[in-house]
Amino acid sequence: MAAAPTKQLTPAHCSQSGSQAPWLCETQLPFGDGVFQMMNVFSVAIVLVVYLIHSEIFLLTAGVMDHWCRRPDSFANLSVDEWKQLAIPVDKNGKYSHCTIREPPDGGAEARVIRCSSWEYDYTPYGHNIVSAWNLVCDRLWLIDIARIVYAAGSMIPLAAATSFADSIGRRTALFITIPAVLISGVASAVPNDLQFFMIVRAVVSASTSALVPPAIALVADVSTIDKFPAYAVAISLLSFILMPVTVLAVHLASTGWVSVQLMVMIPTCLLVVLYYTVIESPIWLLATGHVKEAERAALRAAQMNNVSATVCHELMARQIADLRARGWQTAESSGLWSSGLRTRTVLMCCMWTVLSFGYDTFVTKDGIPAGDVAASLSFALSTVACVASIPFVKHFGLRNAVVVSALGFAVTLTALAGTTYDGGHTLSDSLVVPMRASGCVCFTFFIVMSLKSLPVVTRCRGAAALVASSRFGDTLARLTPRLIGDQSIAMGLAISGALMSLFVIGAELFPFDIDYWMRQHFSRESSSRRPSEGTKRAMRDMLVPLPKEPVQHRPIKTKDRVALSRSTTEPTGEQSAV
């Protein structure tokens, strides 16, 4: 095998030059496809479930339940309904006030209305959570938004540092360092005795769970060819978005308060320990950074798992190294996200992920628009079918076209839903929710593939970190928008998302991504190699001779005939000898 370069090196990436084909690992892996890739898919699914659960569980731990001013001891014998009728004013919408009370409570219409100093809560939907523990209602309701912003912002700086570290020390090492931080901070989030400590611990949870995602996704992108990665991305999405809602529902049904919620969330979080046994360092990253010997060892382990012989693996690794040498080498530091060749791509990718997450997290993964149980079930089923059915479309027409078509469908259905919500067309809205969520799922899944495969191997962790940070920023904006736009929040949110997704379509058309061309060429070569050429067909036809119409009588072969036959087959003819 070739010796490793004397300094850390990486191949020039193909997408920066339209005249250069992708690196050989994008179309052919030395260790093949099989169990090794599926173990990585399973590992990424675990990481994403943990990441999503700790993010979504805030809906339970900070869910605002029904509340009203506390009954004084002198009125403690009254039921809740009697107390509300007696002492709680009614607002302009005909609902009991959450924040005011009559003084005195039995003063009737002549009593003055004052602000509450303490509250009672209906614990049925969420149990005893941080809202009831620290009275985060009325004048203190804004603290919930602060806690949400702190959770989102808490991951930004650590995420950038951790993923830059992962591109230097490896995906596997970064995962193994981060997992203990997730486990410790997750347990600690169940013990705070004040809101400030809770926010700090939640910020640590956000930073650690977010730092798990980029190296895990980059690992799958590294060990997948461009034709197989879309299928793996669909498998990861389906596993994540099936396991996460089931886990959240189980936690919601079994929990009695926010402390029990945090502790129950740690049960699936402990599955991260499995990664210590399933994750192998990316041979492609090792090779791209010049660690040839380590790359050979990792590739042989992966080949053994995929039932690929060591001889074949060695031969294909030699081809990979020869491919790198033929391309020339450049230092890894020159391939940063803000280098001259990637700066525009990075800015465009971050903006597009913010826009996509704004609509996707609000109206696809969450109940941003009311829909019936039938529509919700059909949405899930059709989204699954649409993602799976889009894989052949990607192979024949390319990732860009798949993203553009699905994004256009997402934008159109969001805009149509905004119109029907204004007009009160609930039946039409339910019929539009299904294709809206399906197109959103397809766009989200394949834009992950498009984003990661457009980046060099040595910057994929940083690219995935930019993806995670941008999507979290878009999700946070989506959560805060209803407080800003008021009563028409659903219709206005749909209209804003539809307009932003229209810009996303334009961005997808402009996004630098040349691998589609080479992928289609790869598939055309594969299909043509399976079909015989016209010259081969003509040669085969010339070899055919007409069969005799009558049976041919053969005389018995004698000993001298056998001798002559053996000589004619072993001795070259005069013409052959001359050649």
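Any read-out appearing in this document is the output of simple, stated calculations on the displayed coordinates, not a laboratory observation. The structure presented is a predicted model; accordingly, all values stated were derived computationally and were not measured. Cβ sites come from the backbone with ideal geometry, for glycine too, and all protein chains shown count toward neighbours.
Starting from the exponent 0.38 and prefactor 2.2 Å, build the expected Rg for the stretch 110-158 from its residue count and divide its actual Cα Rg by it. Don't skip to the answer; put the middle values down first.
Working: Rg = 15.2 Å, N = 49, 2.2 N^0.38 = 9.7 Å.
Working it through for the stretch 110-158, the quotient is 1.57.
Annotation: the residues Cys441, Cys350, Cys461, Cys270, sorted from fewest to most other C-beta atoms within 10 Å of their own C-beta, follow the order Cys270, Cys350, Cys441, Cys461.
Karplus-based coupling profile of the stretch 193-200, in residue order and whole Hz: 10, 8, 5, 5, 5, 4, 5, 5, with θ = phi - 60° in 6.51 cos²θ - 1.76 cosθ + 1.60 and x standing for Gly or Pro. Amide H contacts for Asn306 (H built 1.01 Å from N in the peptide plane; partners 5 or more residues away or on another chain; cut-off under 5 Å): Phe36. By the count of neighbouring beta-carbon atoms within 10 Å, fewest first, Glu110, Glu56 end up ordered Glu110, Glu56. Database remark: amide H of Gly257 closer than 5 angstrom to the amide H of His128 (H placed geometrically; neighbours at sequence offset of 5 or more, or on other chains; Pro and chain starts carry no H).
Placing +1 at every Lys and Arg Cβ and -1 at every Asp and Glu Cβ, with all other atoms neutral, what dipole size does the stretch 81-240 have around its Cα centre, in debye to the nearest 20? It would help to have the intermediate numbers written out before the result.
Working: 12 positive and 14 negative charges, 87 e Å.
Computed charge dipole of the stretch 81-240: roughly 420 debye.
Close amide H contacts of Thr100 (hydrogens built in the peptide plane, cut-off under 5 Å, sequence separation of 5 or more or a different chain): Cys116.
Residue-wise HN-Hα couplings along the stretch 447-463, as the Karplus relation 6.51 cos²θ - 1.76 cosθ + 1.60 with θ = phi - 60° gives them from phi, are 6, 4, 4, 4, 5, 6, 6, 7, 10, x, 4, 6, 10, 5, 5, 5, x Hz; Gly and Pro carry x. Each of Asp323, Asp122, Asp194 was scored by other Cβ atoms within 10 Å of its Cβ. Arranged with the fewest first, they read Asp194, Asp122, Asp323.
In terms of distances greater than 20 angstrom between alpha carbons, the cross-link table entries Lys395/Lys453; Lys228/Lys453; Lys366/Lys395 yield Lys366/Lys395. Taken along its three principal axes, the alpha carbon spread of the stretch 67-121 comes to 28, 24, 20 Å, from the longest extent down to the shortest.
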